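The values are calculated or read from the model by the stated rules, or taken from the named source; none is laboratory data. Here the structure is a predicted model, which means the values were calculated and not measured. Note that each Cβ is placed from the backbone with ideal geometry, even for glycine, and that neighbours are counted across all protein chains shown. Side chains included, ligands, DNA and RNA excluded: accessible areas come from the protein's heavy atoms. Shrake-Rupley method; radii C 1.70, N 1.55, O 1.52, S 1.80 Å.
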Amino acid sequence: MLPLLPHAFAGLPEEFYTRQIWEGFEHPFIAFENFSLKQELGIQDIDGEDLLKIFNGTEILQPLKPLSMIYSGHQFGQYVEQLGDGRGLLLGQIDSIDGAIDLHLKGAGKTPYSRFGDGRAVLRSVIREYVCGEAMHALSIPSSRALMIVGSNEMVIREKSESAAMLARTAKTHIRFGSFEYFHYNNQPENVKALADFCIDQYPAYFTKTPKAYEDFFQVVVERTASMIAQWQACGFNHGVMNTDNMSILGETFDYGPYGFMEDYDPSYVCNHSDHQGRYAYKNQPYIGLWNCSALGHALSSLISEKSQGEILQSYEVTFQHTLAELYRKKLGLEQKQSEDAILIQGLLDIMESEKLDYTNTFRNLTQALSREATPELNSDIAKSWIASFQDRHEKEVLSQEKTVTLMNQVNPKFILRNYMAQEAIDAAEDSKFSKLETLITVLTQPFQELEEYNHFANKSPAWAQHLEISCSS
Ligand code: AMP
Ligand code: MG
């Protein structure tokens, strides 16, 4: 039996959600099952077919109180009064070996928050969410993850007709910045307080009940957000839709849509082709993270003075800069902290930008530059002078070269999720062939290994995929 409990969120007043029974598919099947996540949650003995019955609603688990959550949020800078789970619901909490984990079902049919949507998700977007959650987790970046993809023979209309599917998703929380904004902008300070109290109570690993509990709560959210975004920057990840309703209060990467991992280093990279202004470009993510935190601060105005909010927000940049500097230092194989390191890393990024070098592969290949041979990619005159500085800098290090190489290979992935890889797995899955998806998961869950038989996954995208357009439609 799945150790699934009613979600504590169901204990909040009714203004916070709508109780929801969902519509499964007539002919559901397991399109993909995440065996390693099952293992990590301690539910490996539960048969996939039994999980499928639960997720498809074929077997209603008593006494679950599934619900769709209400929230609002700032989308592309504009406040949108009411969003909410328009096609998802919170099934409950898995009582896992790591404590309670949210179980959410995406694509589960219409809810009172569906607006003009059909409440469904397409197989394409569900696969994209699945593979990216696994890729991020393997890179040690906090992320929601998926336990299962429920396939169907039902079709839904997007730009074209596509297969519908559901995603059973796990996350530490589904409370978003927008959850607070909803109550703030609807003039319900008592519910802003109730939600903050709920978070402080439910997530003791993150928040504490101190006399300044709300300030401390906000401080933790700000720091976790800054740290998450520093990790995105270091691995070249572009989220694409950093609306406040897609920001988890526990700093987990969340609500994957038209995301992308940057290939050639380009700070202006925008993965979302619907984002014409480039608001959510790679280089803007750190500022948008701060903007979103200040939107959350504003939503907490009834609990935290403006002065305290300002002070707390100042810590965002400190955490972000510190975390990113540490991550880059590790990527360069530097254990000691030296004041000139920032110049060294910026020098490398400048070369990557002007020579259009692949971000992931340049870092991965840097180990070759340790032994005074230019890497195949870094071969211009400027690059040679940079390599000389890199080698001089390494003279000040104490670790052996061998040890440095090992450490660098543990932080510079060989394999990242290039959009075309997901696309190939999707094309096959739409044709009921799931082995490409399986291979992709095998590679992305071991990003730091050599896996020589999969070398082709470390290549830059083929020409046909260089301009693959990824839109918001999902
Ligand atoms: P997202 O872009 O997935 O973060 O979704 C933004 C908002 O639109 C959320 O309130 C979603 O629940 C809602 N939404 C997105 N797609 C659909 C759909 N197909 N049906 C109903 N609501 C949707
Ligand atoms: Mg969303």
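What the table shows:
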read-out: Normalised contact order of the stretch 4-171, rounded percent, pairs of Cα under 8 Å and 6 or more residues apart; value: 25
read-out: For the stretch 4-171, Kirkwood radius (reciprocal of mean inverse C-alpha pair distance, Å); value: 16.4
read-out: Zero-based 10 Å bins, Cα pair distances in the chain, whole percents; value: 4, 20, 29, 26, 15, 5, 0
read-out: Dipole magnitude of the chain about its Cα centre (Cβ charges: Lys, Arg +1; Asp, Glu -1), debye to nearest 20; value: 420
read-out: Label-reachable residues, the stretch 235-269, where backbone N falls under 18 Å from a point 7 Å from GLN277's Cα toward its Cβ; value: 239-246, 268-269
read-out: Value of relative contact order over the stretch 334-409, rounded to a whole percent, pairs C-alpha under 8 Å and six or more apart; value: 35
read-out: Average Cα contact separation per residue, the stretch 37-105, under 8 Å, 6 or more apart, as relative contact order %; value: 26
read-out: Signed unit charges on C-beta, dipole axis of the chain, positive-most listed residue SER308, HIS273, ILE127; value: SER308
read-out: Dipole axis of the stretch 334-409 (+1 Lys, Arg; -1 Asp, Glu on Cβ), positive-most option in LEU370, PHE390, MET352; value: LEU370
read-out: Cross-link reach list, lysines versus LYS384, counting only Cα pairs under 30 Å and skipping chain neighbours closer than eight places; value: LYS283, LYS330, LYS331, LYS337, LYS356, LYS396, LYS403, LYS414, LYS460
read-out: Positive-end residue of THR58, GLN93, LEU105, charge dipole of the stretch 4-171 with Cβ unit charges; value: LEU105
read-out: Alpha carbon centroid spacing (whole Å) that separates the stretch 315-382 from the stretch 400-474; value: 22
read-out: Proximal lysines to LYS106, defined as alpha-carbon separation beneath 26 angstrom and excluding residues fewer than eight positions away on the same chain; value: LYS38, LYS53, LYS65, LYS160, LYS172, LYS433, LYS436
read-out: Debye, to nearest 20: dipole size of the stretch 1-64, +1 on Lys, Arg Cβ, -1 on Asp, Glu Cβ; value: 120
read-out: Ordering of 187-197, 219-229 by burial proxy (mean other Cβ atoms within 10 Å per residue, highest first); value: 219-229, 187-197
read-out: Partners for LYS307 among lysines (Cα-Cα distance below 23 Å; same-chain residues under 8 apart left out); value: LYS193, LYS209, LYS212
read-out: Environment charge at TYR185 (Cβ cut-off 13 Å; Lys +1, Arg +1, Asp -1, Glu -1); value: -3
read-out: Dipole magnitude of the stretch 263-326, debye to nearest 20 (Cβ charges: Lys/Arg +1, Asp/Glu -1, about Cα centre); value: 280
read-out: Environment charge of LEU89, counting only residues whose C-beta is closer than 14 Å and scoring Lys/Arg +1, Asp/Glu -1; value: +4
read-out: Computed [θ] at 222 nm, helices only, for the chain once each DSSP H run of length n ≥ 4 contributes -39500 (n - 2.57); value: -13000 deg cm²/dmol
read-out: The chain: angle of helix 189-202 to the longest principal axis, Cα-based, in degrees nearest 10; value: 70
read-out: Sorted peptide list for 111-122, 252-263, criterion being average Cβ within 10 angstrom, highest first; value: 252-263, 111-122
read-out: Accessible surface of the stretch 1-153, 1.4 Å probe, proportion on carbon and sulfur as whole %; value: 49
